[in-house]
Amino acid sequence: MTQIPAAVGPKLEENGALTRYRLHGSPDSANLVVRMMLEELGEAYDYVPVDRLTSQQKSPAYRKLNPQGLIPVLEVPGQDAPLFETGAILLFLSDRHAQLAPGAASPARGRFLKWLFYLSNTLHSDLRISFKVKRYLPDQSRHQLFSDTLIERIGAGFQFLEAELETGGGPCLLGKDVSCVDLYLAACVRWAQIYGNSGKWNLAGTPCLQKLMEFLEKRPALRLACQKEGIEGLPFTRPVPVTLPGVTG
Ligand SMILES: N[C@@H](CCC(=O)N[C@@H](CS)C(=O)NCC(=O)O)C(=O)O
């Protein structure tokens, strides 16, 4: 089993203010996306583990960071509030560092935004529901139907992305350069293969997506991010669930 490096104590000014990013997360949760971004940016950050087995994300202390009680949260030096929502964090970081996204004046900006919002509002959202159908549908007798319907929707979503990759010149979603939407997509591809619907969706029907995942798996920053999350093997093309405690719950 991979050992996750111990959480590093937060760097604080004398007045208690943060001096660098502080990411709250648990192994292989949505913090994976933010961690990949921070590693790609080469930014220093502290990591605060949140124990999902004891539902620490629902504690009053954590809810002060994110009232929804959801992971991840990113605390940012100089910001007047902690950030939550993975898509918002990606957009914030790409703007702040002017990296991993087309700038506001770029002709690709609109394409970037629409896929970022698609991933956040639709694909990731559908995946979350498919992992926890019980939370959304109390009637147990209909769980299978609900789950199958979601898997179909998720599969159709990956086909939209495949079509975009086919026409975009690749290997990435916006063309030749990696952007933060590729990182978000990679995490969704990973989770779709191993959590909730295990084995019902895979990369076999999406060759461009497969190539993108192979390309991303070779990036040292992403390998490091995955290693820090306790992820072993090929994280996107042949994912296996993380065995560390606190992954689900
Ligand atoms: N829309 C949120 C979703 C975050 C989310 O679903 N986080 C999951 C982990 S991947 C979580 O906190 N689950 C614990 C729970 O539902 O209590 C985002 O994009 O950040």
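The values are calculated or read from the model by the stated rules, or taken from the named source; none is laboratory data. All of these numbers come straight from a predicted model, not from anything done at the bench. Here the Cβ is made from the backbone with ideal geometry for all residues, glycine too, and neighbour counts use every protein chain on show. All accessible areas refer to the heavy atoms of the entire protein, side chains included, with ligands and DNA or RNA removed. Shrake-Rupley method; radii C 1.70, N 1.55, O 1.52, S 1.80 Å.
Its residue count N fixes a reference of 2.2 N^0.38 Å for the range 48-94, and the Cα radius of gyration divided by that reference is 1.16. Each label point was placed 7 Å from the Cα along the Cα-to-Cβ direction; for D148 and A204 their separation is 1.8 nm. Each peptide in 64-73, 132-141, 183-192 was scored by the mean count of other Cβ atoms within 10 Å over its residues; highest first, the order is 183-192, 64-73, 132-141.
Dividing the radius of gyration of the alpha carbons in the range 75-171 by their Kirkwood radius gives 1.08 for Rg/Rh. Note on the chain: with neighbouring protein chains present and a 1.4 Å probe, carbon and sulfur make up 54 percent of its accessible heavy-atom surface. Over the Cα atoms of the range 1-142, the radius of gyration divided by the Kirkwood radius equals 1.00; this is the Rg/Rh ratio.
Using only the Cα atoms of the range 109-249, build the gyration tensor, take square roots of its eigenvalues as a ≥ b ≥ c, and label the shape rounded, prolate or oblate: rounded if a/c is under 1.5, else prolate if a/b is larger than b/c, else oblate. Cα axes put the range 109-249 in the oblate bin. If you model the chain as an ellipsoid using its alpha carbon gyration tensor, with each semi-axis the square root of five times an eigenvalue, the axes come out at 27, 24, 17 Å, biggest first. If you average the alpha carbon positions of the range 54-97 and of the range 125-172, how far apart do those two centres end up, in angstrom? When both Cα centres are located, 25 Å separates them. Per residue, the solvent-accessible area of the range 109-219 (1.4 Å probe, heavy atoms of protein chains only, all protein chains present) comes to 47 Å².
Considering only T167, N202, V133, and ranking their Cα positions along the charge dipole of the range 109-219 that arises from unit charges at the beta-carbon of Lys, Arg, Asp and Glu, the one farthest toward the positive end is V133. In this structure, K218 and T19 have a Cβ-Cβ separation that, at R0 = 25 Å, corresponds to a calculated FRET efficiency of about 0.15.
Here's how it looks for L83: its modeled amide H is under 5 Å from those of L74, E75, V76, which are all 5 or more places away or on a different chain.
For the range 133-145, backbone phi angles converted through the Karplus equation (6.51, -1.76, 1.60; θ = phi - 60°) give residue-by-residue couplings of 4, 4, 5, 9, 9, x, 6, 4, 5, 10, 4, 4, 4 Hz, Gly and Pro being listed as x.
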